Amino acid sequence: MAKGFYITTPIYYVNDRPHLGHASTTIWADVQARYRRQRGEKVFFLTGLDEHGLKVQQAAQKRGLSPLAHCDEMAAHFQSLWKALNIQSDDFIRTTEPRHQKAVQAILQKLHDAGQLYRKPYRGWYSQSAEQFVTEKEMVDGKWPSHFGEVVEIEEENWFFRMSAHQDWLRERLRADPRWIRPENRRNHLLALLDQPIEDLCISRPARRLAWGIPLPFDPAYVTYVWFDALVNYISAPGHGEARFEEWWPADCHLIAKDILVPHGIYWPTMLHAAGLEQPRRILAHGWWLMGRDKMSKTLGNVVNPHDYLARFGADAFRYFICRELLLANDTDFTEERFLARFNADLANDLGNLVNRAISMVHRYRGGAVPAAKDGGTPSDEDLARVTTEVRGEYHRDFMPEIEYGRALEAVWRLVARANRYVDENAPWKLAKDPAASARLDGVLARLVETAALLGSLLEPFMPETAAKIAAQLNLSGFPCSDERWRNPVAAGHALGRPVPLFPRVAADRKTAS
Ligand code: MSP
């Protein structure tokens, strides 16, 4: 069976409702999935929820609910946000599902049989909010970083995975494949950690302390430690142990943020290695949204609720902003002013005006019928063609496959700006007054329609609703996105639909509620 493109997001904790951070990684994955589908690839896009662990148990208790009732309610919040954001995932895994529990127990048993697990007493620092043991090396200026929340010292007997036995293999694997963990600064961070001896991984919690988890099949007095449970979702969802697994595994990309780089870059590869499974092809960890100097997080209570922005600006503007502004290698400050500026400048002005002018002028000067492109060859035509070719090349070759969305969109906006300048340089309103310039006007209008169609296809993965509106206004059922057919997307005489503004401007003084 031919392997398809398989992309994942983290499975999110259900201790609270989703915020901008969760929405961001999910949107990034959705954009890649849509891009691949548009290119004709077979795609499996997985997202879901991490439903076990102490925090969920406590959150449910506080609300007087059973853990599962709490999870069901949170799952509905996540799913309704994904729907509002037009997320088209192919599967939504919840770690409380039997299919997942079965896979976790199968892997645990396999590693136990292979002598990869053992039991011993353990004392260490434990972060309740990150649900992981942390080491003093992770302190900053003698303090635990704020996203660890309260850190307490605990001692108990537990099960361990011989992770250290795979350290040399992992270091070599990382060195041999510079593109495996991206971006470069994350890879370097892992390589630096691997220069020191790594410890074995604690993979259990005593069931008396934590009831809400998957029992170890060989020692039911314990449940599986959350990371060992959670990471396995990436193989349980595509059907580990079934024939269809071959169709998807290994994953082409695990998309995460830098907070969970260590579990994905050290625990997961060593777990897979110990279980004799193939490695994911790429792990990509983007930066954080910050609020001022702090990470946006529920623990710090400084989160942005996506619904506030969706209600005001729509899903596409939100998706655009996240892809344009959130960075791969660095953190980004989130501000409403920046959102508004992007909305008004990039979407309402640059893109919205271009498409609107192009379609309106075909109506005004040619009765809505696209003219044949008889003319061309002026310096202005040539420069528009040059920028178009350049942008298409960068977009498809350099940026989209690498999930460099900020740069992909920057390139697309270079084309938008060039096309707006093309309108001003050629002043169709003047050409329309000069009967001798009729062929020239035909050429200019045809180039603008062509550019609008190309922009629709380049923007479709990012802004599917806007792309559909552009298609409807061009009276197309979809975009010719294959490399050969993007020029002259419609035959001469093709009747356009009515122009409707894509992004009505929003005034700065109406504050978004939070
Ligand atoms: N349940 C674990 C992941 C298990 S994956 C096998 C977990 N969940 S989480 O709810 O805390 O989600 C963390 C992820 O949410 C980050 O890696 C990132 O994808 C997203 N974000 C949460 N806050 C974020 C920011 N402030 N900025 C950007 N993305 C962030 O960890």
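Checking each residue in region 1-47 for being more than 8 Å from the ligand (Cβ to nearest atom), within 13 Å of the chain's Cα centre (by Cα) and of a type in the set (Gly, Ala, Ser) picks out ALA23, ALA29, ALA33.
For region 80-93, filtering for residues that are charged (D, E, K, R) and touching a residue at least 60 places away in the same chain (Cβ under 8 Å) leaves 1. Is there any pair linking a residue in region 331-348 that is within 18 Å of ARG505 (Cα to Cα) to one that is modelled with pLDDT of 95 or more and within 16 Å of the ligand (Cβ to nearest atom), with Cβ under 6 Å and at least six apart or on different chains, and which? So the pair list comes out as PHE339/PHE321; ARG342/PHE321. Taking the criterion of being open to solvent by 70 Å² or more (accessible area, probe 1.4 Å) and either touching a residue at least 24 places away in the same chain (Cβ under 8 Å) or among the hydrophobic types (A, V, I, L, M, F, W, C) (or both), the residues of region 96-119 that qualify are ARG99, LYS102, LYS110, ARG119.
State whether one or more residues within region 301-321 are within 16 Å of the ligand (Cβ to nearest atom), more than 20 Å from ILE87 (Cβ to Cβ) and surrounded by 15 or more Cβ atoms within 10 Å (Cβ to Cβ). Full working, then the answer.
Step one: filter region 301-321 for residues within 16 Å of the ligand (Cβ to nearest atom), giving 301-306, 309, 318-319, 321.
Checking which are more than 20 Å from ILE87 (Cβ to Cβ) leaves us with 301-302.
So of that shortlist, the ones also surrounded by 15 or more Cβ atoms within 10 Å (Cβ to Cβ) come out as 302.
Yes, the conditions are met somewhere in region 301-321.
Restricting region 10-35 to residues that are touching a Gly at 6+ places or on another chain (Cβ under 9 Å) and among the hydroxyl-bearing types (Ser, Thr, Tyr) leaves a set whose member that is most open to solvent (accessible area, probe 1.4 Å) is TYR13. Can you report the number of residues in region 179-222 which are within 16 Å of the ligand (Cβ to nearest atom) and either in contact with a strand residue (DSSP E or B) (Cβ under 7 Å, 6 or more places away or on another chain) or on the phi > 0 side of the Ramachandran plot (or both)? Within region 179-222, residues that are within 16 Å of the ligand (Cβ to nearest atom) and either in contact with a strand residue (DSSP E or B) (Cβ under 7 Å, 6 or more places away or on another chain) or on the phi > 0 side of the Ramachandran plot (or both) number 10.
Out of the residues in region 364-377 meeting the condition of being more than 18 Å from PRO489 (Cα to Cα) and touching a residue at least 24 places away in the same chain (Cβ under 8 Å), tell me which one is most open to solvent (accessible area, probe 1.4 Å). Step through it out loud before you land on a result.
Let us first name the residues in region 364-377 that are more than 18 Å from PRO489 (Cα to Cα), namely 364-365, 367, 377.
If we keep only those that are touching a residue at least 24 places away in the same chain (Cβ under 8 Å) too, we end up with 364-365.
Details: ARG364: 152, TYR365: 53 Å².
Taking the candidates together, the pick is ARG364.
Taken as a whole, the structure places LYS258 among residues that are farther than 27 Å from ALA60 by Cβ, within 13 Å of the ligand (Cβ to nearest atom), under 22 Å from the mean Cα position of the chain (by Cα) and open to solvent by 30 Å² or more (accessible area, probe 1.4 Å).
Here GLU325 clears all of (1) in contact with a helix residue (DSSP H, G or I) (Cβ under 8 Å, 6 or more places away or on another chain); (2) closer than 27 Å to VAL31 by Cα; (3) open to solvent by 20 Å² or more (accessible area, probe 1.4 Å) except the condition numbered (3). Checking region 160-169 against the condition returns no match, with no residue being in a loop (DSSP other than H, G, I, E, B) and within 16 Å of the ligand (Cβ to nearest atom).
From PRO461, PRO499, grab the single residue that is modelled with pLDDT of 95 or more, touching a Phe, Trp or Tyr at 6+ places or on another chain (Cβ under 6 Å) and surrounded by 14 or more Cβ atoms within 10 Å (Cβ to Cβ). Spell out how you get there, then give the answer.
Values: PRO499 fails: touching a Phe, Trp or Tyr at 6+ places or on another chain (Cβ under 6 Å).
Result of the check over PRO461, PRO499: PRO461.
Only residues that are among the aromatic types (Phe, Trp, Tyr) and either closer than 23 Å to TRP249 by Cβ or open to solvent by 30 Å² or more (accessible area, probe 1.4 Å) (or both) were counted in region 42-94, giving 3.
The values are calculated or read from the model by the stated rules, or taken from the named source; none is laboratory data. None of these values were measured; they are calculated from a predicted model. Using ideal geometry, Cβ is built from the backbone for each residue, glycine included, and neighbour counts are taken over all protein chains shown. Note: areas computed on protein heavy atoms with side chains; ligands, DNA, RNA excluded. Shrake-Rupley method; radii C 1.70, N 1.55, O 1.52, S 1.80 Å.
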